[in-house]
Amino acid sequence: QVQLVESGGGLVQPGGSLRLSCKASGSIFSISVMGWYRQAPGQQRELIASITSRRSTNYADSVKGRFTISRENGMNTMYLEMSSLKAEDTAVYYCNAQGVVARTGSFSALWGQGTLVTVSS
């Protein structure tokens, strides 16, 4: 079974840091693009950072300079280092993988279950 599992969410004070992880499992051979989305209450899910298999990255303006995305291809794991967190970063953060090739088949897109990040004093 191919799946994505996030971890690392929680409560953090404004100005603090947090690290999210996303592990893809299920006999995966390759993943083209991985990304982090977030969805705040009452708002649409938005893409905040993405990284290709060659580690080319893109960031939303709202997180540029504060968040860093990285991945370990051999481990099919992706990270999001978040710093200088603000109250407006509060959201459920979702891991996404596109172009997944696994022993059980190919998948155009997969989603994790989400992890809640709350920035509050």
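Every read-out reported here was derived from the displayed coordinates using simple, explicitly stated rules and does not represent laboratory data. Please read all numbers here as calculations on a predicted model, not as lab measurements. Cβ coordinates were reconstructed from backbone atoms using ideal geometry, including for glycine residues, and neighbour counts include every protein chain displayed.
With a cut-off of 15 Å between beta carbons, the residues surrounding Ser120 carry a summed charge of -1, where Lys and Arg count +1 and Asp and Glu -1.
Given R0 = 35 Å, the distance between the Cβ atoms of Gln3 and Glu88 translates into a calculated FRET efficiency of 0.75.
Given their separation in residues at 0.36 nm each and the Cα-Cα distance between them, Gln13 and Gln39 gain 7.4 nm when the chain is fully extended.
So how strong a dipole does the chain carry about its Cα centre when Lys and Arg Cβ are +1 and Asp and Glu Cβ are -1, to the nearest 20 debye?
On the way: 11 positive and 7 negative charges, 52 e Å.
Taking the Cα centre of the chain as origin, the dipole is about 240 debye.
Each listed q (0.17 Å⁻¹) maps to a log10 I(q)/I(0) for the chain, found by the Debye formula over equal Cα scatterers with no solvent: -0.78. In order along the stretch 88-95, the Karplus-derived 3J(HN,Hα) couplings, from 6.51 cos²θ - 1.76 cosθ + 1.60 at θ = phi - 60°, round to 6, 7, 4, 4, 8, 9, 10, 8 Hz, and Gly and Pro are given as x. Among Ser21, Ser83, Ser62, the largest mean-square fluctuation in a Gaussian network model of the chain, built with springs joining Cα atoms closer than 10 Å, belongs to Ser62.
Only Cα pairs under 8 Å and at least 6 apart count here; give the relative contact order of the chain as a rounded whole percent. Relative contact order comes out at 37 percent. A simple spin-label model places the labels of Ser56 and Asn73 1.3 nm from each other, with each point 7 Å out along Cα-to-Cβ.
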